[in-house]
């Protein structure tokens, strides 16, 4: 395998525009050399930005590195270029599974199966998805835990979401009484609406929990809402807190759920540090 890497690297060096970068990056990925695979794939993608296979490859490497948000974007781009790209459909299905959206996962797998009906892996995953749909309720099932980024610097109290996209005006962490623990929100006109939203959401977590219990749905793990001008996602990072993530309408709901998962990890880490 080492000889294959050398041979492919030499071939790519002779012709930087060659599509051999796809084979080389995939080989490095299988060897576990993710940083090297990332460099090769990204360089190839820069030379071939309209190649769906390049976006798919880069997305798989990003997913291996647990960068699920960017992986979602790359698989989404692959489908924009080639709507029937099986790899991208399977990749997005994987990400939807991770955030507990079984219905979307099943829809993407069904689309992949129409393109590749003889793929046993798709059939197996689709059967699993249909089994999940049968037991799914309005309150999404607990997703597979997302790997948390290594803790670096202790988070300041006012910077619960330090380093996350939209930390200043798109994320809000509340306690059960509606007290703001971190983050901030602004309306489309740029006005700060943090306190008003926090007051409105006071007690929502308890109400959602009671509703799910009365309906026999089990513990609630997330609620998503689509609006004319944006999307919102609510999730309880712990039993005593509520996390709200708001983004513009251009952000797909699947990506929003992944962003909420990442923010929930940061929130839990911060809450544990404050305990």
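The values are calculated or read from the model by the stated rules, or taken from the named source; none is laboratory data. All of these numbers come straight from a predicted model, not from anything done at the bench. Every residue, glycine among them, receives a Cβ derived from its backbone with ideal geometry; neighbour counts consider all protein chains shown.
Some observations on this one:
- Residue check for residue 239: over 23 Å from the mean Cα position of the chain (by Cα) and either touching a residue at least 40 places away in the same chain (Cβ under 8 Å) or not in a helix (DSSP H, G or I) (or both): no
- Summed over segment 218-238, the residues that are surrounded by 15 or more Cβ atoms within 10 Å (Cβ to Cβ) and farther than 22 Å from residue 268 by Cα give a count of 2.
- Counting the residues of segment 68-111 that are without any contact (Cβ under 8 Å) to a residue 12 or more places away in the chain and outside any helix (DSSP H, G or I) gives 1.
Matching residues to (1) at pLDDT 85 or above; (2) under 17 Å from residue 173 (Cα atoms):
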site	(1), (2)
195	no, yes
214	no, no
222	no, yes
244	yes, yes
266	no, yes
273	no, yes
